[in-house]
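Everything below concerns the one structure shown next.
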Amino acid sequence: FLYFVFQPENLQKNWLREFYQVVHAHKPHFMALHCQEFGGKNYEASMSHVDKFVKELLSSDAMKDYNRARVYLDENYKSQEHFTALGSFYFLHESLKNIYQFDFKAKKYKKVTGKEIYSDTLESTPMLEKEKFPQDYFPECKWSRKGFIRTRWCITDCAFDLVNIHLFHDASNLIAWETSPSVYSGIRHKALGYVLDRIIDQRFEKVSYFVFGDFNFRLDAKAVVETLCAKATMQTIRAADTNEVVKLIFRESDNDRKVMLQLEKKLFDYFNQDVFRDNNGTALLEFDRELSVFKDRLYELDISFPPSYPYSEDSNQGKQYMNTRCPAWCDRILMSHSAKELILKSENDEKIVIYDHIGPNVCMGDHKPVFLSFRIAAGAGKPIANVHKCCVVQ
């Protein structure tokens, strides 16, 4: 699987080059690409870039061996009630036979042939389920574009759901810092639970599932700040008119009271970014706690890449984080425990399962794309699986 967040045209060349390198290295037979905020924030102006990107992807020499494709783009930005800005791409290698996609309306699988693009009103497409979260889920009453798209596939008797998801972000670093876990973490928890309940409800047969996209999972801000600034003193700055806290400044107790961290609504300026990059930020993984609530329902492979967000959008700063948010592993690929059991373990020392990020040294936008490459047993999602055969899902 490969997942990414689309960025404007000036990054497209970089992005595609890095993406094609991963495709070439892993040679997947089935490839899924999940995008969030597809087209960027200014949809009306940027939809032409989206169309150009899709055409390039479907016609490029690097993708010539993928003779079937399905592209689902939620471009209906004028519909506040339904618009999610999600885009899901699926590519099938010519060597892969007997691929079927589930029709949620007819409740049966249909053979996949040719290349098809669906956009604008995805609500009328029976080959997927799309939903925007209920309005009462949205923090601060601002109805943005968060939601999910679900598709179901069957490859040589391997049945599985692929869910493209975008959860709520942290609106304010100051509010995120106030409680542990933060109020935003609670909202994400509620929304992810809603999705998981939806995909295993009674309407359809239960199958294994993979959920991937921008979960906006953040590190436990209070615990991170208390650890990073354990020996610092905190200065609180309030607005003169409202007495509201607008800034926190953490200074070293000695060393000329050097500023270690400045925290504002949209500022997280820590003096030493290396802590987020060294050893792939492993020291911070203990503060990555949002998934623990779902440990009985979701599984994730070990993370061995640095926090995927927020990277600088300066094309010369491929490794630099922006000082707007505390770096975090927002972009993830998660799966049901039944899906975990399907991923074949290598019989020798060859590493078959790879969970990593794309473009570590290149500007890919404010999110680094994340991908998962693996083999999957035949009969996936079927109670009596024939595991002696296998197919490849990547």
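The values are calculated or read from the model by the stated rules, or taken from the named source; none is laboratory data. Every value quoted in this text rests on a predicted model; they were computed, and no experiment measured them. Glycine also receives a Cβ, built like all others from the backbone with ideal geometry; neighbour counts cover every protein chain displayed. Keep in mind that these areas ignore ligands, DNA and RNA; they rest on the heavy atoms of the full protein, side chains included. Shrake-Rupley method; radii C 1.70, N 1.55, O 1.52, S 1.80 Å.
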Subject >> The one condition in (1) under 24 Å from V183 (Cβ atoms); (2) outside any strand (DSSP E or B); (3) open to solvent by 50 Å² or more (accessible area, probe 1.4 Å) that R325 fails to fulfil >> reply: (3)
Subject >> the stretch 274-300 residues that are assigned to a helix (DSSP H, G or I), paired with ones that are charged (D, E, K, R) (beta carbon under 7 Å, 6 or more apart) >> reply: R277/K319; F287/D220; E290/R188; L291/E300
Original post:
Residues of the stretch 22-63 being in contact (Cβ under 8 Å) with a residue 40 or more places away in the chain, in a helix (DSSP H, G or I) and either under 30 Å from F374 (Cβ atoms) or open to solvent by less than 20 Å² (accessible area, probe 1.4 Å) (or both), which ones?
Top reply: V22, V23, H26, Y43, V50, F53, V54, E56, L57, L58, A62, M63
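Condition check ((1) in a loop (DSSP other than H, G, I, E, B); (2) within 30 Å of T113 (Cα to Cα); (3) modelled with pLDDT of 95 or more) across all residues:
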site: F148; (1), (2), (3): no, yes, yes
site: T151; (1), (2), (3): no, yes, yes
site: C154; (1), (2), (3): no, yes, no
site: D161; (1), (2), (3): no, yes, yes
site: I165; (1), (2), (3): no, yes, yes
site: P181; (1), (2), (3): yes, no, no
site: S185; (1), (2), (3): no, no, yes
site: R188; (1), (2), (3): no, no, yes
Subject >> Residue, nearest to the chain's Cα centre (by Cα), within the stretch 104-116, restricted to residues that are open to solvent by 90 Å² or more (accessible area, probe 1.4 Å) and touching a residue at least 40 places away in the same chain (Cβ under 8 Å) >> reply: K115
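For the stretch 217-267, list the strands (runs of 3 or more DSSP E) that sit wholly inside it and hold at least 3 residues that are open to solvent by 70 Å² or more (accessible area, probe 1.4 Å) and free of Cβ contacts under 8 Å to residues at least 24 places away in the same chain; which are they? If you could, list the steps in order and put the result at the bottom.
Details: elements: 232-238, 245-252, 259-264.
Qualifying strands (runs of 3 or more DSSP E): 232-238.
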Original post:
So how many residues does the stretch 190-216 have that are under 25 Å from I376 (Cβ atoms), open to solvent by 30 Å² or more (accessible area, probe 1.4 Å) and assigned to a helix (DSSP H, G or I)?
Top reply: 2
**OP:** Just one of (1) out of contact with any strand residue (DSSP E or B) (no Cβ under 6 Å at 6 or more places or on another chain); (2) of a type in the set (V, I, T); (3) open to solvent by less than 60 Å² (accessible area, probe 1.4 Å) trips up T282, so point out which.
**Re:** (3)
Original post:
Is one or more of the residues making up the stretch 300-310 open to solvent by less than 10 Å² (accessible area, probe 1.4 Å) and charged (D, E, K, R)?
Top reply: no
Subject >> Whichever residue in the stretch 312-323 is under 19 Å from the mean Cα position of the chain (by Cα) and modelled with pLDDT of 95 or more and, among such residues, is nearest to T282 (Cα to Cα) >> reply: Y321
